[in-house]
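Report on one structure; see the data block that follows.
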Amino acid sequence: MKTTRLSLLLAGLASMAAGCQPETETLPTQAPGATLKAHEAALDTPVGTWTSNASSLSDFSGHTATLMRGTGDVLVTASGKAEVYNPYTNTWRRTASPLAYHTAHTATELPSGKVLVTGGQDESVSWTPYSELYDPDTETWSPASPMLAHRANHRATLLDSGKVLVVGGNYPRRWTEPTAEVYDPQTDTWTGVQGVLPPHSFTALTVLYSGKVLITGGLPWSSDQPTSSEAYLYDPATNSVSYAGNMAKARFKHFAIRLYSGNVLIVGGITSDSSVEIYDPYSEQWSLGPPFPFDLTPLFSATMLYSGEVLVTNAARQAALYDPSTNTWIPTTNMKQNRSFHLTATLLHTGEVLMVGDGSPRSVERFTR
């Protein structure tokens, strides 16, 4: 009797499991172009909203905007000035001015909560190695050790170790200066990176889950060299770089966003049209993604939301979200303001994206999904 009941139970479970399987043999064959038509239909239903926010108190040129994770405030620095934006009260306040004049610089929050500002152009439009630290607790600046190279339009990223990798920049003062270096906040020292890394400005840096950093594209220091499509990997374990293949397009001023999958979305860049590429760090292979649905010359920002979608904006107030789960683009409503200058996009603790304009118009707005 027990055997019979057990047999019946197993038969029932097998029947239920079979009923849950997809009936692939009865599915209709998808007509050619069906995916494209579905994507075009999605373009008719923009999502999200843009709201105007309080404008900054100063006109910035070549600024940086850095989320301070302890408070959720945003530090904006450039042109010898600094301001702090409170997204909860939608207010700006001036904070202490940096010790030096910076534009086209970098600003990176350290694990301590301090912000490291490096290089850029000074008031004489010369490239500088000067570095300094902003302390949000005291709202004061203090000098840090200067970089080993004079840099502007370089890139910086925080490593898993708490150190900061700085790569590239404009023409060096001396060709013996390293193309990349690492800052150790524990010892306030800089160390040059080993290996061959061509000197480029306007590259993109992406920290992978492995802790390595993907370095893509850039504008050569030498004007007789073409824009780069090359990619390199920086390995913090050996403090060295190695070649990682070529993108399909040469790019500079582009964005490279690590997705939750670990893949890297490469979008935009001067001379790269609206093409999109995806780097798979597990297979170390490159592939093309769906092109951005609008003109990307120039592209102004790319920011990953908490949802995993990536918000991309251009100069014509247009924006779209890349959805990695469907490998498609979803347009948003238009931004409030056309822009022809530098723009920074900062993901706030609220999940919204803060857009801070450069020069004129000196406007600020926020995107809500």
Item checked: Residues (within 18 Å of the chain's Cα centre (by Cα), assigned to a strand (DSSP E or B) and not β-branched (Val, Ile, Thr)) located in segment 201-228 -> 201, 204, 205, 214, 217, 218, 219
Notebook entry, point to check: Can you pull out the residues in segment 76-132 that are over 16 Å from residue 60 (Cα atoms) and part of a strand (DSSP E or B)?
Noted result: 86, 91, 108, 109, 115, 116, 118, 127, 128, 131, 132
Check: What are the residues in segment 132-151 that are among the aliphatic types (A, V, I, L, M) and closer than 18 Å to residue 94 by Cα, if any?
Finding: 133
Next item on the list: Just give me the residues in segment 79-116 being of a type in the set (Ser, Thr, Tyr) and surrounded by fewer than 22 Cβ atoms within 10 Å (Cβ to Cβ), in sequence order.
Entry: 79, 88, 89, 91, 95, 97, 101, 108, 112
Check: Which of the residues spanning segment 285-340 are part of a loop (DSSP other than H, G, I, E, B), among the hydrophobic types (A, V, I, L, M, F, W, C) and touching a Gly at 6+ places or on another chain (Cβ under 8 Å)?
Finding: 292, 296, 305
Check: Is it the case that segment 263-285 has a residue that's surrounded by 19 or more Cβ atoms within 10 Å (Cβ to Cβ), closer than 17 Å to residue 157 by Cβ and either at pLDDT below 95 or out of contact with any strand residue (DSSP E or B) (no Cβ under 6 Å at 6 or more places or on another chain) (or both)?
Finding: yes
Notebook entry, point to check: Out of all the residues in segment 184-205, is one or more closer than 21 Å to residue 266 by Cβ, among the aliphatic types (A, V, I, L, M), at pLDDT below 95 and touching a strand residue (DSSP E or B) at 6+ places or on another chain (Cβ under 9 Å)?
Noted result: yes
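The values are calculated or read from the model by the stated rules, or taken from the named source; none is laboratory data. All figures in this text were calculated on a predicted structure; none of them were measured in a lab. Because the Cβ atoms are built from the backbone with ideal geometry, glycine has one as well, and the counts that use them run over all protein chains shown.
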